[in-house]
Amino acid sequence: MLRLDTLSRHFGGLKVLQDVNLEIPQGGIFGLIGPNGAGKTTVFNLITGLLPPTSGRIEFNGQNLAGRTPHDITRLGIARTFQNIRLFKDMSLLENVMVGFHAQLKYGSLGLLASSGLFRSEERRARARAQELLSWVKLDHKASDKADNLSYGEQRKLELARALATNPKLLLLDEPVAGMNSSEKVELMVEIRNISARGYTIFMIEHDMRFVMGLCQDIAVLNFGRIIARGTPDAIRNDPQVIEAYLGREEDEASLDATGATA
Amino acid sequence: MDWFNNFWSIYSNLVLSLGTNALLALSIYLTLACGMLSIANAAFMGIGAYTSALLTMNYGAPFPAVLAAGMAAPALMAFIIGKPTLRLSGVYLAMATLAFGEVVRIALLNAESITGGALGLNGIPQLTQWWHVALALVLTLALLWRLRRSRVGRAFESIKEDETAAGLMGIDVGAYKMLAFVLGAAIAGLAGALNAHLTFFIGPGEYGFDRAVDILTMAILGGISNLTGPVIGAVILTLLPELLRAFKDFRGVVNGFILVLIVLFLPKGIWDPARFRQWFGKRGGRI
Amino acid sequence: MLEQQLVNALSLGSVYALFALGFTLIFGVLGVINLSHGAVYMVGAYAAEQAVAHLALPLWGALLFAFGFSGFMGLLIDVLVLRPLRARNAPHLIPMIATIGVGIILTNGIQGIFGAENLRFPLGLVPDTTLSLGGLSLTALELGIILLSFVLMALLLLALKKTQLGRALRAIAESPKAAYLLGINVEGLFYLTSFVAAGLGGVAGVLIGLSSNALYPLMGKSMLEKGIAVIILGGMGDIRGALIGGLFLGFAEVLSVAYIGSSMRDAVAFGLLFLILLVRPKGLFGTLLERKV
Amino acid sequence: MSAVQEVASAAGATTRAPLLQVSGLKVAYGKIEAVKGIDLELHEGQITTLVGANGAGKSTTLLALSGLVKKAAGRVTFDGRDLSKMAPHKIVASGVVQVAEGRATLSTLTVRENLELGAYTRRDKGGRAHDLDYVFNLFPVLKERAGGLAGNLSGGEQQMLAIGRALMAKPRVLLLDEPSMGLAPIIVQDIFRTLREINQAGLTIFLVEQNVRQALKIANRAYVIETGSIVLAGTGRELLVNPRVQEAYLGS
Amino acid sequence: ADIKIGMAEALSGGAAQYGISIRNGFQLAADEINAAGGVNGDKLQLVIEDEQGKKEEAINVFKKLIFQDKVLMVFGPTLSNSAQAADPIAQAAKTVAFGTSNTADGITSIGDYIFRNSVTEADVLPETLRVAIKHANIKKVAVMYGNDDVFTKSGYDNFKKALEDLKIPVTTTETFAKGDVDFKAQLTKIKAGNPDAIVLSALLAEGAPIMVQARQIGLNVPFIGGNGMNSVKVFTLAKGSSDGLYVGSPWSASNDSAENTSFIKAFQDKFKAAPDQFAAQSYDAMHILVQALKQVKLSGDLAADRSALRNALPNVKWTGATGAFQFHRAVDKAGKPAGYDAQQKAIVSVTKGDKFVIEK
Ligand SMILES: Nc1ncnc2c1ncn2[C@@H]1O[C@H](COP(=O)(O)OP(=O)(O)OP(=O)(O)O)[C@@H](O)[C@H]1O
Ligand SMILES: Nc1ncnc2c1ncn2[C@@H]1O[C@H](COP(=O)(O)OP(=O)(O)OP(=O)(O)O)[C@@H](O)[C@H]1O
Ligand SMILES: [Mg+2]
Ligand SMILES: [Mg+2]
């Protein structure tokens, strides 16, 4: 579905991504992990057109994404959430989600002046769908609150609902459970499984190993801008390179007189 | 009816200025609603005013056509400069549009053979009737009201809040910004055309920095969270100097004080529904 | 003639830079486009004129007096107008509108007290010597303005870059909340900035008033317009930008008078400004740091 | 473990007066009461943690301690002094320093400048240089990027910077709002280890965490907050095995 | 009964400097006339309104004065631009609008109720130039004017025409804008052209510094100024550099006619400041009005009184602070008779040692 082909991105002298090759098949949940600063978010920025790659190409369902604008790419069926939440803070939860329906409303920019029948029915439909999405993430009771007044974790859920509203085929999640506690994570895990079961392909970045390993069939590890491992959760968990660079050693855990909360 | 005739003969101009000023405030509201601090509206007003006045004076064109041209010319201009300009954000956009306004003003000053330079255009026929202004205002309000409640309005608002995120919602950010800019220019041009045919005279000095700031002040002071705000702001800013005539030499000082006090005590603008709800709804804990 | 025009440009550019320094400082730290800066500049000039007339102060005394008086005025504006708006979390254009109101009060107040007529500083407050060097002429005052704007810029720049206070100001500029958490006395530094910025405005008022010989209530108005252009051109809130922007505008104006025609002067200057913004959307020195996604 | 701590963890609370005490704290955002009259105690040299669901009011509590949101009611005393009405910068100067949620790093300043600003309230130059080395040792990546703009750091790097910067203030009490958020597991381990280290060196820590298991594990004392009220308190270990906590926060 | 006279001048804003001066002239004259018993036993009552130098305000104020205050006639507004906007209101209401400071072309072509006693530079400049040329031996000149202001721009238009008529070559024409403080660029360029004089259409705020800066760069040629420079304030503002400025105008501070001397003294006593041309013109305008009023039998029917006044005004002949005055008829765009302009003789004077010295 998505193919990154020898993708590189440099910032000045900083080589953030180097020759990344990655293929994500349709369906399922795919994970990308790696140390802080490895370049994971940058991968998402390249896919969604926010940054142009220094070299290499990105293909989505056979189409080259080079030179496309972010809104174009969204319309092709890619949606994302942000690591440092970017909601429309002064808008209500409902409006936030309704913005996501933008491209699906069938009345034109100026045509809306003329006909009111189509306008009304389309708006009504969008509103109902938005309510539904909010109830998926259990925020429907706050639908008319301002997004800014949500706590951190609630904001993450709203962002997820908003992304779903664009009707994506591929959903990119940048650390969806950061700032949630374990039981909330479990809840969201169920939710994401449901979403995936509805036919969305999911590609997520996450540092919470319990979450990633619990959800993803397939995980890639990025380190210093290069893919250093790829495989099933079990394979990744036991990859010495990944342990060295990312997971940390068991002894470290032991020295914390604990049994690894994150693993 | 007598008192009305009397009232009208004294205040007709003032009332009609309320209308044209409200149009101007709405024109900048449109760009502000999209997160753009564009203050080219004074210049667009000028382009509309000159275009229409010249058409009337030199070609005797029919008034509706004149008004249409007064909207089209600035809209076209906005379209041309919009592409490169709208990439700018915040105060930089403000400055670029201000610079554009200066260039327009100086062009009007220098194109003496057409515009009369600093002496302006005199003897413009007074064609604007009260119902022209009223109709223009009502139509503009209806248009903007409809836009607000639609996907276009939501697109504007989301762009204002976060352009990047808006783009990733499938919104063509550039196109919508352009739409707001061009539409704003057309409304400002309409106000200019109506005003030109009301006051017999137009000159380049009217469309400079002061006017740009005035327009912005009307919108912000009134409040830009909805359509009522700019209209109220325009009404207050236009009426205030008249109401304060009694203060004679200290009129300006009092006027300034009132401005500051309004801003201090109503920091979201005069028309702030959230505050109204707070006042009239149940009162919760203090902040 | 070219050499003389270059000297003229340097001098005019320094005038703009001098005005813009305080203006950009207050934007840089408080994030407010202070549209009363032109009025504060005017008030500084009037205050010094009165002080000179009544107390027979020498030039340096007049400058200090203007600095103190305008600074105090700026402090007052901050305490009475800007601080309450900060406390209420007013949206960012609101303080700007408030400063428009303050500007109206100040200009009309001064007109009410001193009338609308032109005033001037007494002859002899500055030595009216004209230095001439190989056919180039420059007055002592102009030289003073040039030197002062460079020195002030360097001092401010040094203070902001190298001192803990400067870092604190930059921290506030970016995020008052983070600054609070670092133990920075944010309100205190806001006051300090307002004081210094307005004080610099007052000093500019005196020096420019001395060189133009005409003080009147609206003298700050066109300077304010130029000032806005200068600080945006330089990059909002950037101290170097104020100088470079000022010089740029000075050179653009003088050279367009010299080679294109004075009636096109402002069109050329603003047209160039427009073009530069298209190429460098954050001004010449604006930090092009994009918000991370 | 220090002697003091042993006593503390054994008894759940010391007999000594708490270093920082919160009583009856209420905070409201407009009509919404986010914190509804809570009592907390932080004891010298201990790690105290506050856990709770999203939106429970944890961050609000911390902001109130630092004086960044207005308290509707309640008292905060620190080492005998009343912080309730103190200005935020005075609170920092008195030794209560916070690492805020969402990494309030100053992106237009360099990494080094950020760290130097951490020491803003301090006057001892030599100590500052020493602490800078200490922070660079703790987080070597910061040393590598010292001259670069903080805004260009990755999320995790910024979190390290935020903690490092707070340490530069030489705090007596460190308030941390979800320090492990968005960090790689290896770094999370590092951070928790670091927290224990600096705690063992005598620093009192108040930790707000979503990573409940880890937090309870290293905490001497813990509180659970739900919709603005404290519903449980006890030692870290007690809460770790509390069935209610296990069900609600540990997802087991 | 009192006779209500409306006065709409710019008392605040950018033109306040002139508006206030004008108001003072009116007040002085009205006070004198009232003290002397008024007009045919009726006192003059001034209704003073601030029009801020803005055209919309001028319209509002005119309407208020004419329809609400029901004044007999209106003086003002200050700026020509405002007059272009407001005078049609007066014309339509068949009420006299009498400008004392509107110099732009075409104002009196608005209609037959529009009067002014402000001399347009078209009338005085040829004389000024002639005298200056004779006295200072001028062969070629440079021109400098403010191009964004109606006063200075229309002054320039007249200078230009006069220079063409006199066949004086112009080395260069330079402009500046309101609020400029530094004119060295233009002056340097002018200096390079080596003119024998500089023709300057400026107001004092810019005109005075222009003179000072010209001297600073060693440009010591005479200046030939328009109305805007005709003020003793030039001796303060351009102190030390004010010599050699030729101005031509019906009014001169140094004109020692009895009328002018008593005007200057009375003004000085009342306002503690020296009058300028704006004050002299408004002072005279009030007297001109009174001459006409003396011929009118006020009936109490406002419309009739207004048109009676209109019919009486053109015949007034008066000698005041600005010398001998009479109206002459202006024509509108189509060439048909319209309002009335001033017809006066210019006095040309030159500054020397902080004084205007009359040259003839
Ligand atoms: N716009 C930019 N300019 C300069 N450097 C950048 C920019 N964006 C990212 N970087 C650098 O690229 C590297 C990778 O950043 P990225 O945000 O992709 O990391 P990440 O893998 O998402 O890390 P984390 O897990 O901490 O979020 C970092 O070192 C960062 O400093
Ligand atoms: N500025 C604000 N205005 C209005 N309500 C707010 C504001 N900030 C927070 N709230 C509300 O107050 C409550 C507590 O928020 P707080 O941020 O303290 O929660 P939290 O426990 O830190 O949650 P999280 O774990 O998600 O960060 C939430 O319901 C939130 O919606
Ligand atoms: Mg990331
Ligand atoms: Mg929180």
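Scanning region D:28-81 for residues that are within 14 Å of chain B (Cβ to nearest Cβ) and among the β-branched types (Val, Ile, Thr), which turns out nearest to C:Tyr180 (Cα to Cα)?
This residue is D:Val69.
Every residue, every condition in (1) more than 10 Å from chain D (Cβ to nearest Cβ); (2) within 16 Å of ligand 4 (Cβ to nearest atom); (3) surrounded by fewer than 21 Cβ atoms within 10 Å (Cβ to Cβ), yes or no:
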{"residue": "A:Ala143", "(1), (2), (3)": "yes, no, yes"}
{"residue": "A:Tyr152", "(1), (2), (3)": "no, yes, yes"}
{"residue": "A:Lys157", "(1), (2), (3)": "no, yes, no"}
{"residue": "A:Leu164", "(1), (2), (3)": "yes, no, no"}
{"residue": "A:Met180", "(1), (2), (3)": "no, yes, no"}
{"residue": "A:Gly199", "(1), (2), (3)": "yes, no, yes"}
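Among the residues that make up region E:85-103, is at least one of them assigned to a helix (DSSP H, G or I), open to solvent by less than 10 Å² (accessible area, probe 1.4 Å) and in contact with a Lys or Arg (Cβ under 6 Å, 6 or more places away or on another chain)? Walk me through it before giving the result.
First, pick out the residues of region E:85-103 that are assigned to a helix (DSSP H, G or I): E:85-92.
If we keep only those that are open to solvent by less than 10 Å² (accessible area, probe 1.4 Å) as well, we get E:85-87, E:90.
Adding the requirement that they be in contact with a Lys or Arg (Cβ under 6 Å, 6 or more places away or on another chain) leaves E:85.
Yes: region E:85-103 contains one or more residues that are assigned to a helix (DSSP H, G or I), open to solvent by less than 10 Å² (accessible area, probe 1.4 Å) and in contact with a Lys or Arg (Cβ under 6 Å, 6 or more places away or on another chain).
Taking region E:232-245, which residues are assigned to a loop (DSSP other than H, G, I, E, B), open to solvent by 10 Å² or more (accessible area, probe 1.4 Å) and either charged (D, E, K, R) or at the interface with another protein chain (Cβ under 10 Å from one of its Cβ atoms) (or both)?
Passing the criteria: E:Lys239, E:Gly240, E:Ser241, E:Asp243.
Examine region D:37-47 for a residue that is at pLDDT below 95, within 16 Å of ligand 2 (Cβ to nearest atom) and either open to solvent by 30 Å² or more (accessible area, probe 1.4 Å) or under 13 Å from the mean Cα position of the chain (by Cα) (or both), and state whether such a residue exists.
yes
Name the pairs: first residue in region A:72-84 and facing chain B (nearest Cβ under 9 Å) and under 18 Å from A:Val97 (Cα atoms), second residue within 16 Å of ligand 2 (Cβ to nearest atom) and open to solvent by less than 10 Å² (accessible area, probe 1.4 Å), Cβ to Cβ under 8 Å, at least 6 apart or on different chains?
Pairs that qualify, where the first residue is facing chain B (nearest Cβ under 9 Å) and under 18 Å from A:Val97 (Cα atoms) and the partner is within 16 Å of ligand 2 (Cβ to nearest atom) and open to solvent by less than 10 Å² (accessible area, probe 1.4 Å), are A:Phe82/A:Glu159.
Within region A:28-50, is even one residue outside any helix (DSSP H, G or I), away from ligand 1 (no atom under 15 Å from the Cβ) and farther than 29 Å from A:Arg193 by Cβ?
So far as region A:28-50 goes, no, none of its residues is outside any helix (DSSP H, G or I), away from ligand 1 (no atom under 15 Å from the Cβ) and farther than 29 Å from A:Arg193 by Cβ.
Looking at A:Asp234, A:Asp148 in this structure, which one is open to solvent by 20 Å² or more (accessible area, probe 1.4 Å), within 16 Å of ligand 4 (Cβ to nearest atom) and charged (D, E, K, R)?
Values: A:Asp234 fails: within 16 Å of ligand 4 (Cβ to nearest atom).
The match here is A:Asp148.
Starting from region C:15-26, keep only residues that are open to solvent by 10 Å² or more (accessible area, probe 1.4 Å), then list their pairs with residues that are β-branched (Val, Ile, Thr) and in a helix (DSSP H, G or I) whose Cβ atoms are within a distance under 6 Å, requiring at least 6 positions of separation or different chains.
Sorted first by the residue in region C:15-26, then by its partner, the pairs are C:Tyr16/C:Val230.
For (1) within 16 Å of ligand 3 (Cβ to nearest atom); (2) of a type in the set (Gly, Ala, Ser); (3) in contact with a Lys or Arg (Cβ under 9 Å, 6 or more places away or on another chain), each residue gets a yes or a no:
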site: D:Asp39; (1), (2), (3): no, no, no
site: D:Gln46; (1), (2), (3): no, no, yes
site: D:Thr49; (1), (2), (3): no, no, yes
site: D:Phe78; (1), (2), (3): no, no, yes
site: D:Met86; (1), (2), (3): no, no, no
site: D:Ser107; (1), (2), (3): yes, yes, yes
site: D:Tyr120; (1), (2), (3): no, no, yes
site: D:Ala129; (1), (2), (3): no, yes, no
site: D:Leu138; (1), (2), (3): no, no, no
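Report yes if E:Ala177 is under 23 Å from C:Leu10 (Cβ atoms), within 24 Å of the chain's Cα centre (by Cα), surrounded by fewer than 20 Cβ atoms within 10 Å (Cβ to Cβ) and within 11 Å of chain C (Cβ to nearest Cβ), otherwise no.
yes
Can you tell me which residues in region D:133-169 are open to solvent by 20 Å² or more (accessible area, probe 1.4 Å) and more than 12 Å from every other protein chain (Cβ to nearest Cβ)?
Selection gives D:Asp133, D:Tyr134, D:Asn137, D:Leu138, D:Pro140, D:Lys143, D:Gly147.
A:Met98 fails exactly one of the following numbered conditions: (1) modelled with pLDDT of 90 or more; (2) outside the structural domain of A:Gly199 (by TED's automatic domain parsing); (3) open to solvent by 30 Å² or more (accessible area, probe 1.4 Å). What is the number of that condition?
With respect to (1) modelled with pLDDT of 90 or more; (2) outside the structural domain of A:Gly199 (by TED's automatic domain parsing); (3) open to solvent by 30 Å² or more (accessible area, probe 1.4 Å), A:Met98 is out only on (3).
Return the only residue of B:Ala61, B:Ala78, B:Ala69 being farther than 28 Å from C:Leu284 by Cα, in contact with a helix residue (DSSP H, G or I) (Cβ under 8 Å, 6 or more places away or on another chain) and at pLDDT 95 or above.
Just one listed residue meets the conditions, B:Ala69.
Kindly indicate which of A:Gly27, A:Gly13 is more than 15 Å from ligand 3 (Cβ to nearest atom), open to solvent by 10 Å² or more (accessible area, probe 1.4 Å) and on the phi > 0 side of the Ramachandran plot.
None of the others qualify; the one that does is A:Gly27.
Of all helices (runs of 4 or more DSSP H) completely enclosed by region D:123-235, which ones contain at least 3 residues that are among the small types (Gly, Ala, Ser)?
Result: D:125-138, D:155-167.
Of everything in region D:91-108 that's within 22 Å of D:Glu41 (Cβ to Cβ) and assigned to a helix (DSSP H, G or I), which residue is farthest from the other protein chains (Cβ to nearest Cβ)?
D:Ile91
Within region D:170-188, track down each residue that is more than 16 Å from ligand 2 (Cβ to nearest atom) and open to solvent by 10 Å² or more (accessible area, probe 1.4 Å).
D:Lys170, D:Pro171, D:Arg172, D:Ile186, D:Ile187
Residues D:Ser59, D:Ser23: which one is away from ligand 3 (no atom under 16 Å from the Cβ), open to solvent by 20 Å² or more (accessible area, probe 1.4 Å) and closer than 22 Å to C:Lys177 by Cα?
From the options D:Ser59, D:Ser23, the qualifying one is D:Ser59.
Quick test of your reading of the structure: A:Glu206 fulfils all but one of (1) among the charged types (D, E, K, R); (2) away from every other protein chain (no Cβ under 12 Å); (3) within 16 Å of ligand 1 (Cβ to nearest atom). Name the failing condition by number.
That leaves (2) as the condition not met.
Confirm whether B:Ile159 is outside any loop (DSSP other than H, G, I, E, B), modelled with pLDDT of 90 or more and open to solvent by 10 Å² or more (accessible area, probe 1.4 Å).
Judged against the criteria, B:Ile159 is not a match.
Within region A:66-95, can you find the residues that are under 19 Å from the mean Cα position of the chain (by Cα) and of a type in the set (Ser, Thr, Tyr)?
Those that are under 19 Å from the mean Cα position of the chain (by Cα) and of a type in the set (Ser, Thr, Tyr): A:Thr69, A:Thr74, A:Thr81.
Return the residue satisfying two criteria in turn: it lies in region D:177-198 and is in contact with an Asp or Glu (Cβ under 8 Å, 6 or more places away or on another chain) and more than 9 Å from every other protein chain (Cβ to nearest Cβ), and of such residues it is nearest to ligand 4 (Cβ to nearest atom).
Of everything passing the filter in region D:177-198, D:Asp177 is nearest to ligand 4 (Cβ to nearest atom).
Here is a list of conditions, (1) open to solvent by 20 Å² or more (accessible area, probe 1.4 Å); (2) part of a helix (DSSP H, G or I); (3) more than 7 Å from every other protein chain (Cβ to nearest Cβ); (4) touching a residue at least 60 places away in the same chain (Cβ under 8 Å), and C:Ala154 meets all of them except one; can you say which number that is?
For C:Ala154, the exception is condition (4).
Would you check if there is a residue in region B:218-229 being within 14 Å of the chain's Cα centre (by Cα) and at the interface with another protein chain (Cβ under 7 Å from one of its Cβ atoms)? First the steps, then the outcome.
Step one: filter region B:218-229 for residues within 14 Å of the chain's Cα centre (by Cα), giving B:218-224, B:227-229.
If we keep only those that are at the interface with another protein chain (Cβ under 7 Å from one of its Cβ atoms) as well, we get B:220-221.
Within region B:218-229 (the criterion being within 14 Å of the chain's Cα centre (by Cα) and at the interface with another protein chain (Cβ under 7 Å from one of its Cβ atoms)), the answer is yes, since at least one residue qualifies.
The values are calculated or read from the model by the stated rules, or taken from the named source; none is laboratory data. Keep in mind that what you see is a predicted model, and the values were worked out from it rather than measured. FYI the Cβ positions are ideal-geometry reconstructions off the backbone, even for glycines, and counts take in every protein chain you see. Only protein heavy atoms, including side chains, enter the accessible area calculation; ligands, DNA and RNA are left aside. Shrake-Rupley method; radii C 1.70, N 1.55, O 1.52, S 1.80 Å.
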